[in-house]
Amino acid sequence: MVSEIHKFAKYMKEVRKTSNNTVVSYERDLKKMSQYFLGQGIGDVAQVTATGLNSYILFQEKQGKKPSTISRSIAALKAFFHYLQKEGYIEEDIAEGLKAPKVEKKVPVILTKEEMVRLLEETKGDTPKELRDSAMLELLYATGIRVSELVSLKVVDVNLQMEYITCREGGKERIIPFGAVARRALEAYLREGRPVMTKQDSLHLFTNCSGQAMSRQGFWKLVKAYGRKAGITRELTPHTLRHSFAVHLVSNGADLHSVQEMLGHSDISTTQVYARMAQSRIRDVYAKAHPRN
């Protein structure tokens, strides 16, 4: 079964051009499924039944897995067994009837513009690390890119003169503009910070203090630390800046299709949540501020 999982992961990455994060996530979930069936004495994908898959889902529920975790696992199972049926490994797609549990959708946490300013101000300084941190946070808020895209950026992906970056993930490419503040932060980092922190032959735009590529976990810790310094008590992750970027754009009149393109959403319905959040914030402001309310 492990061999088929490996071939499936390769197919998702090379043929379907699926993002690396999704491929890694699916492969991890499918290996857990494989271990479960090996414990049942089943090592061949052709021996797995629809009843067996349902038993595996129940097993995850008994383990106390969250509905969101089980839903992701089911998505991986559906994609995997559809692939197996298509490629002739099995005769019937036994995962087709699997039902995902209802997942309560959380409203994304966003920062107010004032909180965003406080956070960004905490990075201001002239040490190489502060110049790097300022450039990373300013660019993340200016473009709304994913943290995986941010840490994957190469120097050649940045066009300072025209003020845009090129994001490449899962075989897809998109151009995202940024403003003067982010440009100045990048210029200062490239001029005075990066030459000190980064090895000469490195292609990466951002590196850690050892000159290696910055990791997602490293950047997550960095954001948390600056959040505490800025006195932000709410949950704060790199994705919070992505959500804040989107809501602030929509609140200021940006059209949803443009925001969708910048965020890299394949479905406009994913972007529409930001419009609803912006409208909700406007109503709150009105309720608090209008004298006749």
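Give region 153-193 a look and list any residue that's among the small types (Gly, Ala, Ser) and without any contact (Cβ under 8 Å) to a residue 40 or more places away in the chain, or say none. Give the derivation first.
So the first thing to find is which residues in region 153-193 are among the small types (Gly, Ala, Ser), and the list is 170-171, 179-180, 182, 185, 188, 193.
If the condition is that a residue be among the small types (Gly, Ala, Ser) and without any contact (Cβ under 8 Å) to a residue 40 or more places away in the chain, then GLY179, ALA180 are the ones that fit.
Condition check ((1) over 29 Å from TRP220 (Cα atoms); (2) surrounded by 20 or more Cβ atoms within 10 Å (Cβ to Cβ); (3) within 27 Å of the chain's Cα centre (by Cα)) across all residues:
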| site | (1), (2), (3) |
| --- | --- |
| THR49 | yes, no, no |
| ASN54 | yes, no, no |
| LYS78 | yes, no, yes |
| GLU91 | yes, no, no |
| ILE110 | no, yes, yes |
| LYS124 | no, no, yes |
| ASP133 | no, yes, yes |
| LEU140 | no, yes, yes |
| ASP157 | no, no, yes |
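Determine which single condition ARG183 fails, assuming it passes every other condition in (1) among the charged types (D, E, K, R); (2) over 16 Å from ASP133 (Cβ atoms); (3) touching a Lys or Arg at 6+ places or on another chain (Cβ under 9 Å).
(3)
In this structure, is ARG168 within 25 Å of LYS229 (Cβ to Cβ), in contact with a helix residue (DSSP H, G or I) (Cβ under 9 Å, 6 or more places away or on another chain) and open to solvent by 70 Å² or more (accessible area, probe 1.4 Å)?
On the way: within 25 Å of LYS229 (Cβ to Cβ): no; in contact with a helix residue (DSSP H, G or I) (Cβ under 9 Å, 6 or more places away or on another chain): yes; open to solvent by 70 Å² or more (accessible area, probe 1.4 Å): yes.
So ARG168 fails the test.
Please go through region 204-232 and pick out each residue that is part of a loop (DSSP other than H, G, I, E, B) and more than 22 Å from the chain's Cα centre (by Cα).
The initial filter retains those residues of region 204-232 that are part of a loop (DSSP other than H, G, I, E, B), namely 205-206, 208-212, 214-215, 230-232.
Listed by number, the residues that qualify are CYS209, SER210, GLY211, ALA230, GLY231.
Considering each of ALA95, ALA100 in turn, give the residue that is surrounded by 15 or more Cβ atoms within 10 Å (Cβ to Cβ), outside any helix (DSSP H, G or I) and either among the polar types (S, T, N, Q) or out of contact with any Phe, Trp or Tyr (no Cβ under 9 Å at 6 or more places or on another chain) (or both).
Numbers: ALA95 fails: either among the polar types (S, T, N, Q) or out of contact with any Phe, Trp or Tyr (no Cβ under 9 Å at 6 or more places or on another chain) (or both).
The unique qualifying residue is ALA100.
In the set LEU77, LEU98, which member is over 26 Å from ARG146 (Cβ atoms), touching a helix residue (DSSP H, G or I) at 6+ places or on another chain (Cβ under 8 Å) and of a type in the set (A, V, I, L, M)? Don't jump to the end; show me each part of the working.
Working: LEU77 fails: over 26 Å from ARG146 (Cβ atoms).
The unique qualifying residue is LEU98.
Considering only region 177-216, how many residues are out of contact with any helix residue (DSSP H, G or I) (no Cβ under 6 Å at 6 or more places or on another chain), modelled with pLDDT under 90 and open to solvent by 20 Å² or more (accessible area, probe 1.4 Å)?
10
Which one is surrounded by the most Cβ atoms within 10 Å (Cβ to Cβ), of the residues in region 18-41 that are under 24 Å from the mean Cα position of the chain (by Cα), among the hydroxyl-bearing types (Ser, Thr, Tyr) and outside any loop (DSSP other than H, G, I, E, B)?
TYR26
The values are calculated or read from the model by the stated rules, or taken from the named source; none is laboratory data. In this text the structure is predicted, and so the values were computed from the model without any measurement. Ideal geometry is used to build each Cβ from the backbone, glycine not excepted, and the neighbour counts take in all protein chains shown. Quick note on the areas: whole protein, heavy atoms, side chains included, nothing else; ligands and nucleic acids left out. Shrake-Rupley method; radii C 1.70, N 1.55, O 1.52, S 1.80 Å.
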